[in-house]
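Step one of this worksheet: look at the structure below.
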Amino acid sequence: MKRIYIGNDHTAIEMKNAIKKHLIENGYEVVDVGNNDGNSCNYANIGITLAEAVVADKDSKGIALCGTGIGISIAANKVQGARAGLVYEVQTAELTRQHNNANILATGARLIAVDKAILLVDTFLNTEFEGGRHHERVGTLDEYNK
Ligand code: RB5
């Protein structure tokens, strides 16, 4: 079973719960790294925790949610081996898998509807890395700071 880690700040609890339910109904194992209490919290800590979990669990993927998706994606991308793509559209959800081999999808709960986020997640999880010319470029990302 494919394992998906999901993390969010206080702005994205409703979106997180809807995505979680959808993924569980579709046979995924979901690990929720929080936030769940709704109190104002620091997206940076959650993004880093999420990214560390994804990198440590080979072949898993992550979903990172904050108000815009910007802060939590910046945080996740600090972790060696994490490749978080910030997307709001289906086409970029697809391209960040095909070209960047993104292992984390980030998006913004204040900017898009929950149904749209679910569509982005499905697209992301069902799209393969194209490899080829993209291997070397992704390798450069992963090697930096090693
Ligand atoms: C929280 O107010 C907000 O700053 C956060 O959710 C996120 O959008 C940061 O990038």
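The values are calculated or read from the model by the stated rules, or taken from the named source; none is laboratory data. Just so you know, these numbers come straight off a predicted model, no measurement behind them. As a convention, Cβ positions derive from the backbone with ideal geometry for all residues, glycine included, and neighbour counts pool all protein chains shown. The area values use the complete protein model at the heavy-atom level, side chains included, leaving out ligands, DNA and RNA. Shrake-Rupley method; radii C 1.70, N 1.55, O 1.52, S 1.80 Å.
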Query - Ranked packing of 85-91, 138-144, most packed first, by mean Cβ within 10 Å - result: 85-91, 138-144
Report task. Report the equivalent ellipsoid semi-axes for the stretch 91-146 in whole Å, largest first, defined as the square roots of five times the eigenvalues of the gyration tensor built from alpha carbon atoms. Result -> 25, 13, 7
**Report entry** Global geometry of the stretch 42-90, whether rounded, prolate or oblate, following the gyration tensor of its Cα atoms and the 1.5 cut on a/c
**Finding:** oblate
Report task. Taking the Cα centre of the chain as origin, sum charge times position over the Cβ atoms of Lys and Arg (+1) and Asp and Glu (-1), and report the length of that vector in debye to the nearest 20. Result -> 160
Query raised in the report: Relative to the longest principal Cα axis of the chain, at what angle does helix 134-143 sit, 0 to 90 degrees, rounded to 10?
Result: 70
Report summary line: One point scatterer per Cα, no solvent, Debye formula: log10 I(q)/I(0) for the stretch 11-143 at q = 0.12, 0.13, 0.17, 0.22 Å⁻¹ comes out as -0.41, -0.48, -0.84, -1.45
Query raised in the report: How much accessible area per residue does the stretch 1-115 have, in Å², with a 1.4 Å probe?
Result: 46
Report task. Of all alpha-carbon pairs in the stretch 14-66, indicate the percentage at a distance above 18 angstrom. Result -> 33
